[in-house]
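Novice: If you scroll down you'll find the structure; I have some questions about it.
The values are calculated or read from the model by the stated rules, or taken from the named source; none is laboratory data. All of these numbers come straight from a predicted model, not from anything done at the bench. A quick note on method: Cβ atoms are made from the backbone with ideal geometry, for glycine too, and the neighbour counts reach across all protein chains shown.
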């Protein structure tokens, strides 16, 4: 399975991001391309410890089951719910959002996987390093497919 801790997988994701244009149109969902890029910052910031989100009751009750489902081979379903703090409704600068996402991906892929694994995911709870890498890759892949990339 693809994993953002793998240098080749991270490079391919960045190559795909570079195919986005400010005029790219989503195939589903409500976000424009700049909002999607900014939305993709949040999970990486959580993994890097730059964004803290309190674990809610729903995550505590269903996080482990959801994690198992999300880690299965295959794509994420369209229009899955997201943490409200990950929703981007305001306009964003495309170039700035893209550059920041590049930086976050590079920092995540270069990070010590074991230090990432010590952080508790706000919905899924404790995860192994490989799970963090797979879920980060799948999330980015999902949104790139949302824009036909």
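Novice: Against the condition without any contact (Cβ under 8 Å) to a residue 12 or more places away in the chain, under 22 Å from residue 125 (Cβ atoms) and loosely packed, with under 11 Cβ neighbours inside 10 Å, how does residue 72 come out, does it pass? First the steps, then the outcome.
Specialist: Details: without any contact (Cβ under 8 Å) to a residue 12 or more places away in the chain: yes; under 22 Å from residue 125 (Cβ atoms): yes; loosely packed, with under 11 Cβ neighbours inside 10 Å: yes.
So residue 72 passes the test.
Novice: Let me ask something additional. Check whether at least one residue in region 52-64 is under 14 Å from the mean Cα position of the chain (by Cα), under 16 Å from residue 135 (Cα atoms) and in a helix (DSSP H, G or I), and report yes or no. Let's see the steps before the verdict.
Specialist: Narrowing region 52-64 to residues under 14 Å from the mean Cα position of the chain (by Cα): none.
Among the residues of region 52-64, not one is under 14 Å from the mean Cα position of the chain (by Cα), under 16 Å from residue 135 (Cα atoms) and in a helix (DSSP H, G or I), which makes the answer no.
Novice: When you scan region 23-36, do you find a residue that is modelled with pLDDT of 95 or more, surrounded by 13 or more Cβ atoms within 10 Å (Cβ to Cβ), in a helix (DSSP H, G or I) and within 14 Å of the chain's Cα centre (by Cα), even just one?
Specialist: For region 23-36, residues modelled with pLDDT of 95 or more, surrounded by 13 or more Cβ atoms within 10 Å (Cβ to Cβ), in a helix (DSSP H, G or I) and within 14 Å of the chain's Cα centre (by Cα): present.
Novice: Among 120, 67, which is the only one that is touching a strand residue (DSSP E or B) at 6+ places or on another chain (Cβ under 9 Å), within 26 Å of residue 147 (Cα to Cα) and in contact (Cβ under 8 Å) with a residue 40 or more places away in the chain? Spell out how you get there, then give the answer.
Specialist: Numbers: 120 fails: within 26 Å of residue 147 (Cα to Cα).
It is 67.
Novice: So, one more: Filter region 70-86 down to the residues that are touching a helix residue (DSSP H, G or I) at 6+ places or on another chain (Cβ under 7 Å) and in a loop (DSSP other than H, G, I, E, B), then identify the one that is farthest from residue 27 (Cα to Cα).
Specialist: That would be 71.
Novice: Regarding region 84-99, can at least one residue be identified that is under 16 Å from residue 50 (Cβ atoms) and modelled with pLDDT under 95?
Specialist: Yes, the conditions are met somewhere in region 84-99.
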